[in-house]
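Just so you know, all these numbers are worked out from the coordinates, no wet-lab data involved. Note that the structure is a prediction, hence the values are computed from the model and not measured. All Cβ positions, even for glycine, are placed from backbone atoms using ideal geometry, and neighbour counts span all protein chains on display.
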Amino acid sequence: MFPVEFEYEAPTTVEEAIRLLAESGGEAKILAGGHSLLPMLKLRLAQPPLVIDIGRIAGLSGVSEQDGGLRIGATTTETAIQDSELVQRLCPLLSETAAHIGDQQVRNRGTIGGTLAHGDPAADMTAAVLAAGGSVTVQGPNGERTIPADDLFLDMMTTALEPDEVLTSVWVQTEGPRTGSAYEKFANAASGYAIAGVASVITLAADGTVARARIAITGVGSKATRASGVEAALQGKRADDQTIAAAAEHAVEGVDLIGDLHADESYREHLAKVIARRSIQRAVGRAATKS
Amino acid sequence: MVTTAPLVGQSVKRKEDPRLLTGNGRYLDDIRLPNTHHMAVRRSPYGHANILSIDTEAAANLPGVVGVFTAEDLKDSVKPLPCGMPAGGVENHLPPHRVLAQDRVRYVGDAVAFVVANDPYIAHDAMELIDVQYQELPAVVDAARAVEPGAPQLHDEAPGNICMHWTAGNKDDTDAAFANAEVVVKHHIYNQRLIPNPLETRGTLANYDAGTEETTLWVTSQLPHVHKILLSAFVLDIPEHKLRLIAPEIGGAFGSKIFLYADMALTAWASKHLGVPVKFVETRMENYVATQHGRDQTQDIELAARRDGTMLGLRVKSLANLGAYPSTIAPGVVTALFGRMVSGAYRIPAIWVEVDGVYTNTAMVDAYRGAGRPEATYLVERMVDLLADELAMDPVDVRRKNFIPPDAFPYTPPDLGMLPYDSGNYAVTLDRALNHVNYSALRAQQEEGRKAGRLMGIGISSYVEVCGLAPSSWIQKQGWGGPMYESAEIRVLPTGKISAVTGSLSHGQGHETTFAQIVADEFGVGMGDVEIKYGDTAGAPFGMGTYGSRSLAVGGTALQKSAQKIKEKILAIGANLLEVAPEDVEFDHGSVSVKGAPGSSKTLAEIAFAAWLNTGVPAGMEAGLEATTYYDPPSCTFPFGTHICVVDVDPDTGHVDIIRYVAVDDVGPVVNPMIVDGQLEGGIAQGIGQALFEGAVYDKFGYLLTGSMIDYAVPRASYLPNFELDRTVTPSPISAFGSKGVGEAGTIASTPAVANAVVDALSHLGIRDLQMPITPQRVWHALQQPK
Amino acid sequence: MTRIITLRVNGKSYENEVSPRLLLVHYLRDVLGLTGTHIACDTSQCGACTVMFNGESVKSCTMLAVQADGGEVKTVEGLATNGKLHPLQQGFWEKHGLQCGFCTPGMLMSSLNLLQRNPDPTPDEIRHALEGNLCRCTGYQNIVAAVQWAAQEMKAKPAAGVAE
């Protein structure tokens, strides 16, 4: 497979990247790890005049503590997230989710910024960042702004990023006391993408009831989304198996279900509920063991 | 590495591996000729359409492009690709399969035009600039629909989209068996379409030498000699002595590299026309649409039996989807290798088989690992389980009751036109497999688990297959237009080293090792002194290639026969050198010595030196030390065995987990156990692929929905269990070592074992069948159906 | 417009002028002539093109050559040292971990990445770590055995598997 011809720039600052993007009238494509863009280039589904490689911009990769959460640079690879001691300790959901992405080679190159900016409806990290109460920082000609993850994913492969903006970092909440998380996935046997993926972050109150539940779902609709019906059904309840199962029944509320060769709508809906139940069960189990 | 005789029977490490492990294998795309140009093919995006116009100007004007060609350019010099194996004994409708579509395209992927450029990127850029205007026509992709009245018609030469109607067996006896039956089980199977997926796609590199007027084609081919003859005699304007084919290292094939493909002719023509080497290498997505697929048979089956489980008769009606054109051996494969094998491992007194070959707007279908036998085995092994279910018998007992008993061999299924099954002891493999899994304990476990909602299933498949494909006389009756022997040319070189050229061809099976073991043992030398060569039509007189699990049984026997011829001469020359009578010497451990006087001897090297320098060859004997054999066996071989698969089905998601897989195979005596086990393991994995994961799906317009590895699931390591292998050894009376063949056995056996296991897991819920691939989605939907 | 890239491949330095659209795998195969790295799919599924880039396994079909500028690549051609097979190569040979050999270079590089991360993997861990590599011949069983063999060998002789 052979991409069409394009120009290539590898700026060393975000400002330069934004300038190049602006000069292209938003036609250029940002390249980070390349694991969203390269497949599109190879199939000639993307034919940008210019590719802007942000992989050489210093300071865009790495994990650090910030504002009661974790700041993860846009070009941090999935493997780095999977292996990061900081992530494993403070937001294990992301580490667990990273391990489910593609395969080892894909994780070695694929970046968190790339996957979020691409907005693939079956990506894994989208759900994790939603459940982790995350946000992204984007930078454009008019400066920097923060987009809450809840507002980031608009539709299939469409995000709230403007064509002249670059996603520079991701922020997620740390999982505090009595909080457990899990990412559960049912993968397409061919592609490895999620047919249904559910990320859960559950905080239990001292009395064992659910103080806070953040549940997000991917793979089932045109975009990753919070499963607010599930969250509401858990809120304040004792998270026993029956309550969880009942809550999981709300998994696809408000979702515009997709059906395809691998999972028609009814099967996908059912799977989403099963996967939601399993994800919540594991998250609750972990929350219960964390003081 | 083991280097001393006897090597046959030992797990000798492979001779070919060091080059493959270090990046030194030379596959087609690794061959570099100076000034090589690259071909890209413009293919139809429509399943069925008239070509209104083709504008090549923009493509031709792109810098780097040296030619853009359509059917019009080739019409005087390249003829359609022939079908070499129509169905035997019946009328076949074989419309022309042109190398570039003329006026009309008949499947997505049909070649319309091609570009040659100095760079593969530019070739693809230019290919996309070719402007083809189409008028879309109604398409038909499903064989059952294609034969309905009013269905879109593909070819004037094939009314009703029918290639042929073929039958086997005895209709009257079968009707009588059904009339007397106590129970009849009916079933419908769609043995789905598969994409072969060798890791290396296909390709050709053509080089025309203006000085010698010779065209050399490097081709991803399982049978270069046959391809050479077909191309020279039927397709290209190149005389046979000016055409040379070389199959380089082949990155897997599984049947898909048996067939004649348009790119072989296009590159050959273009290289001569343009005066540069021209290379074509498929992309994977091209491979999916344009390289032959496998299976795709729709079957209606009826099995007549007595209530005690005794089978009385079998009726099979199969629609074989052949795709858009007749592929090289397709009509023969879907008839002889399928219909004549539906008796399976059982004594069924009366059988009647009908096969209709049907054209549809899909990629062509032809032999794919197992070729007809997986379709036959799946059918009969599913029917056995359905009969057991109907009679509330254990499927083990139904098998045992109907097995062809060991004293019945050679056994010929009545009136089916199959050669006699050579040898077998089927019950022993069943017993051993049952023993391995501890069958009765497993059944108890299943019963217990069901009470707790666990869906565990046990599936059995007792198979027999035909392989060692030969002899010429039989296969020619099945429609094949050529011979089916194998050649072997052995030359003991002047220094005593041995070069052996086989007409068969390794594409992963390890011929260089297995055959070297045989030859080294024959001459009493080490592995390192023997070189096995193949794949170059300039290196061997003729050869049939590798498919149908035939290399060892046929090609190995040919090698042994050549060795034996040479040994006669070695004895004669040795005796002459030792100045004794030939009957007074013996050949052992690589030297000839006088019987009873081992001190008086001549080494193989001394004898070979004398033979080639003509210094000591007995009077009246020619110089040289070589022999050629064309071995045409009297019959085929019939490996058999029993596989047992144990699965757990997740009731929530429908996911199937294989928790145990036991295979007891009998492929006769084995030359290299390590290689034989490897063939079985890979074969089993491929059969599991069909059962659980793989399936090519077209939409009604003829668009391939599973057009890449994103949508077509080739099994990954984590999807498969560890296979537990065991074997029994029943020699074949046909081949040199009694070996039967092993390339396809695993694939043939495993698909029904897995399917039977999944159905068994759900049988107590009233589920009697599941369509392959048995995906989680299908299982879940089955679980939702009210029973 | 073409660009000049400089990188080290198997310990040797190279400087070449390449088109931005040139994939790393084509650079290795067609510019450097290192044809041991293979191409088997269009969609980043099969892993036949896997090489080590800056010490980690990557699919060289899903990377532009210009992205590798300044980096360090190891291909199957660079796995053996001084003509001595790497324990992984030896393991694949011993355990019949290859048949047609087409997936093998990628399998070796992925296995190398695995053993760097986990020197003593279980069979399940090996199967999971090789999810990005398809083999159509072996059914994977002997590949798992080969990687285990190499892991044992590297534990017994730690110097044997050191990736330089």
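In segment B:171-307, the ratio of gyration radius to Kirkwood radius, Rg to Rh, stands at 1.26 when only Cα atoms are counted.
The alpha carbon convex hull volume per residue for chain C rounds to 101 Å³. Kindly work out what percent of the DSSP beta bridges joining two residues of chain B are antiparallel, to the nearest 5. So the antiparallel bridges in chain B amount to around 80 percent. Subtracting the Cα-Cα distance of B:LEU613 and B:SER499 from their residue separation scaled by 0.36 nm leaves 39.3 nm. Mean separation of Cα pairs under 8 Å and 6 or more residues apart, divided by the residue count, gives segment A:7-54 a relative contact order of 57 percent.
Starting from the alpha-carbon convex hull of segment B:99-162, give the projected area averaged over all orientations, in nm².
5.6
Based on the Stokes-Einstein relation at 4 °C and a viscosity of 1.567 mPa s, and on the Kirkwood radius from alpha carbon pairs, segment B:280-389 is assigned a translational diffusion coefficient of 87 µm²/s. Cα-based radius of gyration for chain B, normalised by 2.2 N^0.38 Å, reads 0.99.
Here is the size of chain A from its Cα atoms: Rg then Dmax, 18.8, 62 Å. If the chain linking B:LEU783 and B:THR212 were pulled fully straight, counting 0.36 nm for each residue of separation and taking away their Cα-Cα distance, it would gain 198.7 nm. Compactness ratio for segment A:117-181: Cα radius of gyration over 2.2 N^0.38 Å (N = residue count) comes to 1.17. Under 5 Å between amide hydrogens, built in the peptide plane, is the criterion, and for B:VAL464 it picks out B:ALA345 among residues at least 5 positions away or on other chains.
DSSP beta bridges confined to chain A are antiparallel in about 90 percent of cases. For segment B:689-704, putting each phi into the Karplus relation 6.51 cos²θ - 1.76 cosθ + 1.60 with θ = phi - 60° gives couplings of x, 5, 5, 10, 10, 9, x, 8, 10, 9, 7, 5, 8, x, 8, 7 Hz, in residue order, rounded to whole numbers and with x for Gly and Pro. Looking at segment C:3-78, the DSSP beta bridges with both ends there are about 90 percent antiparallel.
A simple spin-label model places pseudo-atoms 7 Å from Cα toward Cβ; at A:GLU5 and B:LEU705 they are separated by 4.0 nm. Here the scattering of the protein assembly as shown is modelled by Debye summation over its C-alpha atoms, one equal scatterer each and no solvent; at q = 0.06 Å⁻¹ the log10 of I(q)/I(0) is -0.53.
Compactness of segment A:7-54 was expressed as the Cα radius of gyration divided by 2.2 N^0.38 Å, which yields 1.08. Please give me, ordered by residue number, the chymotrypsin sites (Phe, Trp or Tyr not before Pro) of segment C:47-105 that lie in loop per DSSP and have at most 13 other Cβ atoms within 10 Å. Answer in residue order: no site qualifies. With q set to 0.14, 0.16, 0.17 Å⁻¹, the log10 of I(q)/I(0) for segment A:181-289, from the Debye formula over equal scatterers at the Cα positions, is -0.48, -0.61, -0.68.
I want the local charge near B:VAL670. Using Cβ-Cβ distances under 12 Å, sum +1 for each Lys or Arg and -1 for each Asp or Glu among the other residues.
-1
Taking amide H atoms as placed 1.01 Å from N in the peptide plane, the amide H of B:VAL501 lies under 5 Å from those of B:GLU489, B:ILE490, B:ARG491, B:LYS533, each 5 or more residues away in sequence or on another chain. Here segment A:63-172 is treated as an ellipsoid with the same Cα gyration tensor; its semi-axes, largest first and in whole Å, are 20, 16, 12. Relative to the dominant Cα principal axis of chain C, helix C:141-156 is inclined by about 90°. Mind listing which trypsin sites (Lys or Arg not before Pro) in segment C:63-99 are in a DSSP loop and have 10 or fewer other Cβ atoms within 10 Å? Passing both the DSSP loop test and the Cβ count: no residue. Annotation for B:ASP76 and B:GLU622: the two label points, set 7 Å from Cα along the Cα-Cβ direction, are 4.4 nm apart. One quarter of the convex hull surface built on the alpha carbon atoms of segment B:715-783 amounts to 7.0 nm², the projected area averaged over directions.
Here the spin labels are modelled as points 7 Å beyond Cα on the Cα-Cβ line, and at B:ARG306 and B:ARG454 they lie 3.9 nm apart. The percentage of C-alpha pairs in segment B:66-213 whose separation is greater than 18 Å is 76%. Cα extents for segment B:202-262 along the principal axes, largest to smallest and rounded to whole angstrom: 36, 22, 17.
All other residues with a Cβ under 12 Å from the Cβ of A:ASP103 taken together, and with Lys, Arg as +1 and Asp, Glu as -1, what is their net charge?
After counting each charged neighbour, the total is +3.
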